[in-house]
Amino acid sequence: MTPFSTHLVRRFVPLALGALLTTAACGGAPGAVGADAAGGRPPREHAAHSAPGAPGAPGAPGAAGAPAVLAATTPRTQVAPSDVVQLRSTFERLLGAHLLLADEHVRSTLTGDDARASAAVDAVERNEQQLVDAVASLGGEATGASFGTAWHRHVDILHDYAVALRDDDAAGAASARTQYTQAESELATVLHGVAGGQLSLEALTAGATMHGEHLLGQADAFHRGDFDTAYTLQRTAFAHMIGMADALARGIAAAKGLSTAELDAPRLDLQSALSRLLAEHMGLMVQAMRAAQDRSPDFDAAGRAINANTTDLGAAVSLLYGAPASGEFLTIWADHVEALIQYAGTPDQEARNAARQNGVDYAPRLARFLAGATEQRLPAIDLAASLTQHDDHLRRQLDAWAVDDLDEAQAQAEQGYGHMFELAQTLATAIGDVVAARLPQGGAATGGGGRADGD
């Protein structure tokens, strides 16, 4: 058998990135995309509290007031986030995680892997409880309960839809789709109340409906083996969740009489863009590494999605620092991706150790690049430690996945996901408003776009 990782990785990472380097050097446009007995359903029980290690949980990476993972890399000029900035970041983190976890739940259900589907349900439930807690902290327990009921309903119906697809139950799928449309409308009404009426109900309904179309569409595509469409929809849906987070934060802040002007500061616009791209990178790498480990048919499509995400990151670097800097970044980033995919797709421990060694110099190389780009506001030694931790999260989740320790695999993936939001904040603060202003607000290069409030 041809070594899986070497054969495929060298096809979808370095060769494709060579074209990206040419595009960046020429100033080309970025490639943003924009168990019940009958159903085999895994047990679903609401978690009473956020699980340790989950994004947004107390003491977890990415949790408000607990930036433990990146404490060493905090720049000397770090700015403490205000309430409204923290609010947006919290919703970005939780809504983005919901999208990735919902996709994982759907795909594991479609493939008939009950153990992985059950683990995915647990993760979806933890994320759901964190969202309920966030809403309750803003609008009270009754508001949180109303939100939780509506949110849980839309997750439940998505599960029913995936089961119907898996079982080739056309009538069941049609019924679930109809119910889903109604559930998204109900969810929009609840969100309208959460935002104190500050957001258009019509726009919220359109946004919630679009979210449903993204989730159902990627389920359809994955079921029929159109993996490129499934991953393209996932990328589009992830960006949409970041836009919804921004809209909700602005609406809630307005309802509470808080100014949202600072959200439009270039540094914070950059932070949001980097949060989306880096968190998406983490999610896609988890999916691609697991697909490499499992020899799954969606592996190539996952690789192409990573390339698209990398294109967007390179375009942002190009706008901030120019095409030569973007080229240097893309070279280092491609080495990072390739080493990890080789690690995942290598069948024996000796070869896996060699793949790990191949990626050892990525962290110090990228740390030196970022330290120079930020005029040493981020010490290279601290950055290298943080970037190494990113690799560690990815390898550890894969190691756990390979031996079916699904709880540990998910814990490592969630910690790594939260870590990306902290890194985005740290980088944006170090880069500063002057340089960040070179990025167009909501432009294609940052993956930004119109907000869910219709502005």
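Here are the numbers for the structure shown:
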read-out	value
Inter-probe distance in nm under a simple model that places probes 7 Å from Cα toward Cβ, at residue 350 and residue 259	6.6 nm
Cα centroid separation - region 354-401 against region 118-139, whole Å	30 Å
Under Karplus coefficients 6.51, -1.76 and 1.60, residue-wise ³J(HN,Hα) of region 327-335 in Hz, glycine/proline x	x, 5, 4, 4, 4, 5, 5, 4, 4
Estimated vicinal HN-Hα couplings, Hz - region 301-312 in sequence order (Karplus 6.51, -1.76, 1.60; Gly, Pro = x)	5, 4, x, 5, 5, 4, 4, 5, 4, 5, 4, 5
Inter-label distance for residue 206 and residue 375, nm, one decimal - labels placed 7 Å from Cα along Cα-to-Cβ	4.2 nm
Residue among 90, 142, 263 farthest towards the positive dipole end of region 82-264, charges placed on Cβ	263
Rounded if a/c under 1.5, otherwise prolate or oblate - region 90-189, Cα gyration tensor axes	oblate
Rounded if a/c under 1.5, otherwise prolate or oblate - region 82-264, Cα gyration tensor axes	prolate
Efficiency of FRET from Cβ geometry, residue 171 and residue 392, R₀ 41 Å, rounded to 0.05	0.30
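Since every read-out is calculated from the coordinates, none of them should be taken as a lab result. All figures in this text were calculated on a predicted structure; none of them were measured in a lab. Using ideal geometry, Cβ is built from the backbone for each residue, glycine included, and neighbour counts are taken over all protein chains shown.
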